[in-house]
1. Enter the accessible area per residue of the stretch 35-80 (Å², integer; probe 1.4 Å; all protein chains in place).
2. Could you please state, rounded to a whole Å, how far the C-alpha centre of the stretch 62-90 is from the C-alpha centre of the stretch 1-40?
3. Spelling out what I want: for every residue of the stretch 4-19, take phi, set θ = phi - 60°, compute 6.51 cos²θ - 1.76 cosθ + 1.60 (Karplus), and round to whole Hz; glycine and proline get x.
4. Return the long-range amide H neighbours of Asp100 (sequence gap of 5 or more, or a different chain), with a cut-off of under 5 Å between placed amide H atoms.
5. Using a 1.4 Å probe over the heavy atoms of the protein chains, calculate the carbon and sulfur portion of the accessible area of the chain as a whole percent.
6. Compute the Cα gyration tensor for the chain, then decide on rounded, prolate or oblate, letting a ≥ b ≥ c be the square roots of its eigenvalues: rounded whenever a/c is under 1.5, prolate when a/b is larger than b/c in the other cases, and oblate in all that remain.
7. HN-Hα J couplings of the stretch 130-140 from phi, Karplus 6.51/-1.76/1.60, θ = phi - 60°, integer Hz, Gly and Pro as x?
8. Using the Cα centre as the reference, give the magnitude of the dipole from point charges on the C-beta atoms of the chain (Lys, Arg: +1; Asp, Glu: -1; all else neutral), rounded to the nearest 20 debye.
Amino acid sequence: SPDEVAQLLVAGIQDVTNTMASEGFKLNEVLRMILETMWRALAFRRVLFCLRDAKTGALVGRFGLGDGADRLAPAMRVALRLAPGSAPDLFSAVCLKGADTLISDASAAPIAARLPAWFRQSIDAPTFLLLPLALKGAPFGLIYADKAKAGAIDLGEKELSLLRTLRNQALMAFRQAS
């Protein structure tokens with residue numbers, strides 16, 4: 001139920017807050033807690049975390065939870081530098097704009113046409129959520145979550161607000177760690 005989802009998200013947010021308040025918290029531990037909270041509360045099939053690669057400037061999958069997550073994370077490559085005149089794919093556009101995005105049905109023609117090849121070949125989820133992370137307007141990370149059935153991610157305002165809080169905790173963790 002939405003109430004149970006909200007309670008699980010709130011409990012996770014509290015755990016993350018407590019961990020970040022402790023001396024010398026580990027960034028990776030906090031990120032895993034955030035992903036785990038999302039994964040459990042919303043019963044996602046998988047949740048993946050991407051981070052900007054210093055060499056390529058692309059967001060690259062680092063780790064995740066759920067079905068095949070560790071195998072699939074390295075397949076994620078979100079380009080942030082685009083060739084002149086080329087249109088960004090859906091993932092690049094979302095991260096460059098910093099726009100939280102829920103795709104209910106990835107097979108819908110206008111969406112399917114903008115999915116990057118790496119997504120279609122490796123992950124190919126029918127429904128997914130993108131929560132980009134940016135510092136000073138520059139994208140540096142992405143939280144990706146999906147489910148196995150189109151339309152299965154049903155988020156009310158409260159759940160979305162709590163997911164944004166978790167994403168913002170990830171941002172704060174990076175700020176505090178650097």
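The values are calculated or read from the model by the stated rules, or taken from the named source; none is laboratory data. What you see is a predicted model; the values in this text were computed from it and never measured. So basically every Cβ, Gly included, is an ideal-geometry build from the backbone, and we count neighbours across all protein chains shown. Surface areas here come from the heavy atoms of the whole protein model, side chains and all, with no ligands, DNA or RNA. Shrake-Rupley method; radii C 1.70, N 1.55, O 1.52, S 1.80 Å.
1. 43 Å²
2. 24 Å
3. In residue order, the calculated couplings are 5, 4, 4, 4, 5, 5, 4, 4, x, 4, 5, 4, 5, 4, 4, 5 Hz.
4. Counting only residues 5 or more places away or on other chains, the set is empty.
5. 53 percent
6. oblate
7. So the J values, rounded to whole Hz, are 10, 10, x, 10, 9, 10, 6, x, 9, x, 9.
8. The dipole magnitude comes to about 680 debye.
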